[in-house]
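This report concerns only the one structure given below.
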Amino acid sequence: MVDLQGQYQQIKETVNTSIEEVLNSSAYINGPLVHEFQADLEKYLDVKHVIPCANGTDALQIAMMGLGLEQGDEVITADFTFAATVEVIALLKLTPVLVDVDAKTFNIDIDALKKAITPKTKAIVPVHLFGQVANMDAVMEIAKEHNLFVIEDNAQAIGANYTFKDGRKQKAGTIGNLGTTSFFPSKNLGCYGDGGAIFTNDDALAHTIRGIVNHGMYRRYYHDVVGVNSRLDSIQAGVLKAKLPHLDSYCNARRNAARFYNSAFANNTNIITPTAKSNNNSSCGEICDTCDCHVFHQYTLQITNGKRDDLHQHLLEKGIPNAIYYPVALHSQKAYQDDRYNEEDFPVTNELIKTVISLPMHTELDDEQLKFITQTILDFIN
Ligand SMILES: *Cc1c(COP(=O)(O)O)cnc(C)c1O
């Protein structure tokens, strides 16, 4: 699915130099490279504060702790996503409220979101799934109207640029009160271990969160709030500092591969290809460079003739990696069942879990590989 080795070979010298810098300084924790990477990422994202932490799940948990949410507060998120998003809500004894997603973008459905709001709702967590920014015009409008916090789960869309209806552009993860990301190796900006970060333009929230990631300390050995221990280590920060300058070209390489896939499958009536259509602007429906709202963390097709599982097997036999993200809706997971959910409320997710299939997507795909993959699929699905 990804080619981390191929990518490493391209940037080996700078990455190794960064790692050696840490080894020679022995500043393994909180070393200078952590602060340098933090500053570089703040600049790249054009956001006031980046707070590094240990992984993307921690980032979500710490973001929710920072907002001071309390037991029983309802947090709305998408039914079709990786479990980390809902896991931390439940772990903090908040009440997760899962809602259906949009059939085109796989992102939180705006009507379903509106319907789920109650007097107990305190926050919305849009997930920019598969690299495409959710409809943030609508999410921010709803949040403002109902006085809700917005935490963007940006683990899959770092580098994406959201274009608002009025033409303003903002980097994914910097639009809500808080944004979170993961630097898991296979993410679009991945380190060589675990890592994550929280973004915000809010000085007070940033201050609160810097304490929470460090045992609730704002002064050494004075613990003002219950915190956690969540750090990005210096070696991982060094890897990320070396990789960040390549992020835009990595996003472009992914978009190019997506364009190849999209045009290869364009005329097949059994295959629905992904669109880039975050804010429902009529001008925004294609994979273009002016509207880079999709950075293709995953390239995900819908197979509509009931042959998805057969295709999955067939591709494995042909040696073509592929994966089903995600095979089970979160509302159907044992851990997250809730009597309040009705199957009729999740028509899109319930369909997607049966039709989606993700193809190899990374920065090192060449035309020959893409031709082989697309031809194998077209020969099978006809
Ligand atoms: C990967 C991911 C996370 C969790 O990140 P980790 O670093 O693995 O903890 C959270 N949310 C989404 C949508 C993800 O894809």
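Observations
- The one condition in (1) of a type in the set (Val, Ile, Thr); (2) touching a Lys or Arg at 6+ places or on another chain (Cβ under 8 Å); (3) within 16 Å of the ligand (Cβ to nearest atom); (4) part of a loop (DSSP other than H, G, I, E, B) that residue 75 fails to fulfil: (4)
- Some residue of region 75-91 being under 24 Å from residue 217 (Cβ atoms), open to solvent by 30 Å² or more (accessible area, probe 1.4 Å), out of contact with any Pro (no Cβ under 9 Å at 6 or more places or on another chain) and not assigned by TED's automatic domain parsing to the domain that holds residue 353: yes
- For beta carbons closer than 7 Å, sequence separation of 6+ or different chains, a first residue in region 56-74 that is free of Cβ contacts under 8 Å to residues at least 24 places away in the same chain and a second that is open to solvent by 30 Å² or more (accessible area, probe 1.4 Å) and basic (Lys, Arg), the qualifying pairs are 71/93.
- For region 191-201, the count of residues that are away from the ligand (no atom under 16 Å from the Cβ) and of a type in the set (S, T, N, Q) is nonzero.
- Of the residues 214, 147, 135, the single one that is in contact (Cβ under 8 Å) with a residue 24 or more places away in the chain and of a type in the set (S, T, N, Q) is 135.
- When residue 68 is tested against (1) more than 18 Å from the chain's Cα centre (by Cα); (2) within 16 Å of the ligand (Cβ to nearest atom); (3) outside any strand (DSSP E or B), only condition (2) is not met.
- Considering the conditions (1) in the same structural domain as residue 85 (by TED's automatic domain parsing); (2) at pLDDT below 95, residue 214 is excluded by exactly one of them, (2).
- Criterion (more than 20 Å from residue 58 (Cα to Cα), open to solvent by 10 Å² or more (accessible area, probe 1.4 Å), away from the ligand (no atom under 14 Å from the Cβ) and modelled with pLDDT of 95 or more) met by exactly one of 95, 118, 163: 118
- Residues located in region 155-174, provided they are part of a loop (DSSP other than H, G, I, E, B) and over 14 Å from the mean Cα position of the chain (by Cα): 164, 165, 166, 167, 168
- Some residue of region 38-50 being closer than 24 Å to residue 203 by Cα and within 16 Å of the ligand (Cβ to nearest atom): yes
- Conditions (1) surrounded by 24 or more Cβ atoms within 10 Å (Cβ to Cβ); (2) assigned to a helix (DSSP H, G or I); (3) among the charged types (D, E, K, R); number of the one not met by residue 152: (2)
The values are calculated or read from the model by the stated rules, or taken from the named source; none is laboratory data. Just so it is clear, the structure is predicted and the values come from calculations on it, not from any experiment. So basically every Cβ, Gly included, is an ideal-geometry build from the backbone, and we count neighbours across all protein chains shown. These accessible areas exclude ligands, DNA and RNA; they are computed on the full protein's heavy atoms, side chains included. Shrake-Rupley method; radii C 1.70, N 1.55, O 1.52, S 1.80 Å.
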